[in-house]
Amino acid sequence: MAFDFSFDGSECVTCGGKCCTGESGYIFVNIDEMLKISDFLNISFDKFTQTYVKKVGYRFSFLEKKSTDGNACVFFDDETKKCLIYEVRPKQCIDFPFWEGYKRENIDEKTLKELYELCKGVKCLKKF
Ligand code: SF4
């Protein structure tokens, strides 16, 4: 399927973490992802979950902290404005901004414009 847009992950370097800060929310993470991240951080799985994770119903989410932009994911570095675990970030972060309501296959002209505002990694291939 061909899309009218693409995504350029290199823009994350200069975006300042729009998807990691702001209003409070959930950053869901599964067991496999947590194992990978604890390995990456070189700490035990138990230590990792006790330090960075909370239970939300039957799921797990990263903790949040206060930042200059409101709330931030516990792994967002406020000084560098970057994710400290970018290489092993969970799928929810990788999929941003193509979340509910913005699924790639359902994006029309209106939502594409909204996405473009939301995330500079989204590249429109079409002129409006
Ligand atoms: S894990 Fe990284 S990319 Fe995901 S919300 Fe936290 S800081 Fe942002």
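Given the residues 98, 62, which is the only one that is more than 10 Å from the ligand (Cβ to nearest atom) and either hydroxyl-bearing (Ser, Thr, Tyr) or under 15 Å from the mean Cα position of the chain (by Cα) (or both)?
98
Which one is farthest from residue 39 (Cα to Cα) among residues in region 62-112 that are among the hydroxyl-bearing types (Ser, Thr, Tyr) and touching a helix residue (DSSP H, G or I) at 6+ places or on another chain (Cβ under 8 Å)?
This residue is 102.
Quick one: would you say residue 49 is polar (S, T, N, Q), within 27 Å of residue 6 (Cα to Cα) and within 16 Å of the ligand (Cβ to nearest atom)?
No, not satisfied.
Would you mention how many residues in region 35-61 are touching a residue at least 12 places away in the same chain (Cβ under 8 Å), open to solvent by less than 50 Å² (accessible area, probe 1.4 Å) and in contact with a helix residue (DSSP H, G or I) (Cβ under 6 Å, 6 or more places away or on another chain)?
Result for region 35-61: 2.
Which residues, counting only those in region 96-110, are modelled with pLDDT of 75 or more and either aliphatic (A, V, I, L, M) or surrounded by 14 or more Cβ atoms within 10 Å (Cβ to Cβ) (or both)?
96, 97, 98, 107
Testing residue 21 on (1) within 14 Å of the ligand (Cβ to nearest atom); (2) closer than 25 Å to residue 125 by Cα; (3) open to solvent by less than 70 Å² (accessible area, probe 1.4 Å), one condition comes back false. Which one is that?
(2)
Quick one: would you say residue 115 is away from the ligand (no atom under 16 Å from the Cβ), within 22 Å of residue 14 (Cβ to Cβ) and open to solvent by less than 30 Å² (accessible area, probe 1.4 Å)?
So residue 115 passes the test.
The values are calculated or read from the model by the stated rules, or taken from the named source; none is laboratory data. None of these values were measured; they are calculated from a predicted model. Virtual Cβ from ideal backbone geometry, glycine too; neighbours counted across all protein chains shown. Surface accessibility is based on the protein's heavy atoms, side chains included, excluding ligands, DNA and RNA. Shrake-Rupley method; radii C 1.70, N 1.55, O 1.52, S 1.80 Å.
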